[in-house]
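Chemist: Please find one structure pasted underneath; my questions will follow.
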Amino acid sequence: MKKILFLLLLVFLVPINVFAQEKKTAILFYADWCPHCQKVEAYLKQQGLFEQYDIQQLNYDELANKIKLNNMFAEKQYAGDSGIPALFVEDKVFTGDKDIIAYFETQLPSKIVANNGNGTVTGNGLIGNFTIIALIGAAFLDASNPCALAVLILLLATVIAAKGKKHALLSGLMFSLAVFLSYLLMGVGIYRAIAVFNISKYLSLGVGVLAIVIALANFKDVFWYGKFFIMEVPLSWRPKMQEIIRKATGPWSAFGIGFLVSLFLVPCASGPYVVILGMLAEKVNMTKTLTLLVLYNFIFVLPMLLITIGMYFFNTKLGKLEKWRKGNLRLLHAIAGIVMLAVGIYLIYARF
């Protein structure tokens, strides 16, 4: 039992630590007397790229570095200008301040230009502080989704009735792991599709509109809950979903059911996720995106983990949780609407 809990903890937490530490490596050849090198260094400092990349700076005035540069040009069969500054990154070679800065510009987020009264100030846009805040907010929003919590509560109650709390603990953890992995894989797949088809440049405005539509749909559920449609698992799907969940008899069946139930959760739990994926796709950076997707999905399943642990160690009553969930449906939809409206307005504003 302890070994299984330890392994589950590693699966959830290790990816966050590993991906967060991963950086792209680069080699930059420079000289103190070179004005173009100074321009590149100033740009890298201004954009905080020394923190984002592991950049090894080699002084061209040292004979060993001069020989190394010539060898690297020959190895890459580089036919362009063989002067400095020279940057080697991702099996690519860039020389001259303009080409090096142009490369890093493609790796930076879109920029928002705002008037400060005396002129214009340009700041980092979508993959900046707002994106991190929006991602964490959307993840907590998804995590408090009423239908996602209802699924877990039903699963735990089913397993407790059949085999007791010990099996319910492992089943809840395995179910949470399955949801975590399925949504992570789904996010990576959507992100890669966006990159392959090169449609990221069209997404920001469309995702902004989508966020506002999701916000309005949630506001509808605040005032007219149950009419027309609901931002949850469709009512017609629920009997089948409950039938599947009641077949859970242990941890491994709960793991498999977690993948199946993820499909039922898509209509009610994918809206904020798609919006965040659209924001991340503004600039293709797989390492950073994977880190953020791991963080998002860990937050998404965090309430599932807390409910499971609370049930086992603190005798949290599932009936009380379900009663609270049903009593706060309108509040949860109101919060969802406010967050999605803020994200949508920001994305549309950023395009103009």
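Chemist: Would you list the helices (runs of 4 or more DSSP H) that sit entirely within region 252-335 and hold 2 or more residues that are modelled with pLDDT of 80 or more? Give the steps one after another, and end with the answer.
Modeler: Working: elements: 271-280, 286-313, 318-327.
In region 252-335, the matching helices (runs of 4 or more DSSP H) lie at 286-313.
Chemist: Identify, from the list L154, L184, L210, the residue that is surrounded by 14 or more Cβ atoms within 10 Å (Cβ to Cβ), modelled with pLDDT under 75 and not in a loop (DSSP other than H, G, I, E, B).
Modeler: Step by step, each of L154, L184, L210 is checked, and only L154 is surrounded by 14 or more Cβ atoms within 10 Å (Cβ to Cβ), modelled with pLDDT under 75 and not in a loop (DSSP other than H, G, I, E, B).
Chemist: Are any of the residues in region 27-35 at pLDDT 75 or above, part of a helix (DSSP H, G or I) and not assigned by TED's automatic domain parsing to the domain that holds I309? Give the steps one after another, and end with the answer.
Modeler: Going through region 27-35, the residues at pLDDT 75 or above turn out to be 27-35.
Then drop every residue that is not part of a helix (DSSP H, G or I), which leaves 35.
Adding the requirement that they be not assigned by TED's automatic domain parsing to the domain that holds I309 leaves 35.
Yes, that holds for at least one residue.
The values are calculated or read from the model by the stated rules, or taken from the named source; none is laboratory data. Only a predicted model underlies this, so the values are computations on that prediction, with no experimental measurement involved. Glycine gets a Cβ as well: all are built from the backbone with ideal geometry, and neighbour counts include every protein chain shown.
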